[in-house]
Amino acid sequence: MLAAAALAGAALDDPAGATTVPPTAVAWVATHAVVSDPGGTIVRVTLPAGSRNTGPSRITTASQPTAMALTPNGRRLLVVNEGANSLSVVDVADGEVVATVFAGIQPDAVAVAPGGTDGAGVALVADFGSGRLTPIDLATLRAGPSVGVGDAPDAVAVADLPSGEFALVADFADATVHVVDVATMRAGPAIAVGTEPDAVAVIGGSPPLALVADFGSDALTPIDLSTFRSGSPVPVAGDPTGVVTSPDGTFAWVAGGGALTPVKLAGLQPGIPVSLRSPAEALTLAGPSGTTAWVAEENGWLVPVPLPGGPPGHGVYVGGHPTSVVIVPAAR
């Protein structure tokens, strides 16, 4: 097991008294996904920045950790390491790597679906280098037979539909999304979306939707999950790399270029973008009502953005080239 070591990073100066604020959550950031910065660590940061025991720490997984997801019980963090063809399992309580398993060629994204042995769940890993989706049973940590999708899959999300569980896999080089039946691990026909799809989010409702962030065409493409047909693209700020939806199902937030774009889900109407200090690479929402977006920026900072209007607040320098962020409520 690998214990966490201290990270040479620092939080921005916070207002007086901020160091007495109790921690509310822990952010995990994958910081070394790119070939030009091929490190092997993720970073753990206590939120809010400046809270007690906030010291950022660096945890070694393997070469080029690029994407993360939580297990259904919230006790383990799954980290895909693109440079090592592996998936690391990290205990969120103590920050130790408890297992490593082969995950396919250049794994670039991971999501968790229900099922698996004893209902522990199944990790679905998008293998950028081989154009396949690999299922890994989270109880046995054994990989099952993979299924072919499109060229350079780099995002995956799971949709719970009346007809079953489906994985939506964005094929970066093909401008398509493949739908994979999780129960049978069979892929359906490709769905055309915008150029270089780079992130996917699923929304419930009638009909249920998937929203695909198209990096190359500066757009958000909706997919009607009742018909598996794509709709008209919605323009957003340049080079979108992440998309999340608010807990109340009213807005999507799209990270792209140096901005965070709100999109009203009723009618898919884009709003006024919130300016960031650096191009965004990933984001997630925090708080019971999702009123804060935590954005991982290309310059190595993790910054909070109060929604809906910003501006960005005090942040934490995590270093590297952040590409994924996951937030876990602090233990009480």
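The values are calculated or read from the model by the stated rules, or taken from the named source; none is laboratory data. Remember, it's a predicted structure, so these values are computed and weren't measured experimentally. All Cβ positions, even for glycine, are placed from backbone atoms using ideal geometry, and neighbour counts span all protein chains on display. Ligands, DNA and RNA are stripped out before the accessible areas are found, and what is left, the full protein with its side chains, is counted by its heavy atoms. Shrake-Rupley method; radii C 1.70, N 1.55, O 1.52, S 1.80 Å.
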Checklist line | Estimated FRET transfer efficiency when R0 is 45 angstrom, pair Asp248-Asp118 (beta carbons, to 0.05) | finding: 0.85
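Report the local net charge at Gly115: Lys and Arg +1, Asp and Glu -1, summed over other residues whose C-beta lies under 9 Å from its C-beta. Before the final figure, lay out each step's value.
On the way: positive: none; negative: Asp137, Glu165.
Summing Lys/Arg as +1 and Asp/Glu as -1 gives -2.
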Margin query: Show me, for the range 315-330, the HN-Hα J-couplings you get by feeding each phi into the Karplus relation (A = 6.51, B = -1.76, C = 1.60, θ = phi - 60°), rounded to Hz, glycine and proline as x.
Written below: x, 10, 7, 10, x, x, 10, x, 10, 7, 9, 10, 10, 10, x, 5
Next item on the list: Please find the FRET efficiency linking Ala173 to Ser232, where r is the Cβ-Cβ separation and R0 is fixed at 25 Å, and quote it to the nearest 0.05.
Entry: 0.65
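Around Leu276, with a cut-off of 14 angstrom between Cβ atoms, what is the net charge of the other residues, counting Lys and Arg +1 and Asp and Glu -1?
With Lys, Arg at +1 and Asp, Glu at -1, the net is -3.
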Next item on the list: Count charges around Ile59 for me, please; just the other residues with Cβ under 14 Å from its Cβ, Lys/Arg as +1, Asp/Glu as -1.
Entry: 0
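Students sometimes get this wrong: rank Met185, Met68 by accessible area, probe 1.4 Å, all chains present, largest first.
Heavy-atom accessible area, descending, gives Met185, Met68.
Over the chain, what is the relative contact order in whole percent, taking alpha-carbon pairs under 8 Å and six or more residues apart?
In percent, rounded to a whole number, it is 13.
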Notebook entry, point to check: With each pseudo-label sitting 7 Å past Cα toward Cβ, what's the Gln269-Arg142 distance in nm, one decimal?
Noted result: 5.4 nm
Item checked: Simple label model, 7 Å out from Cα along Cβ direction - Thr24 to Glu96, nm -> 3.1 nm
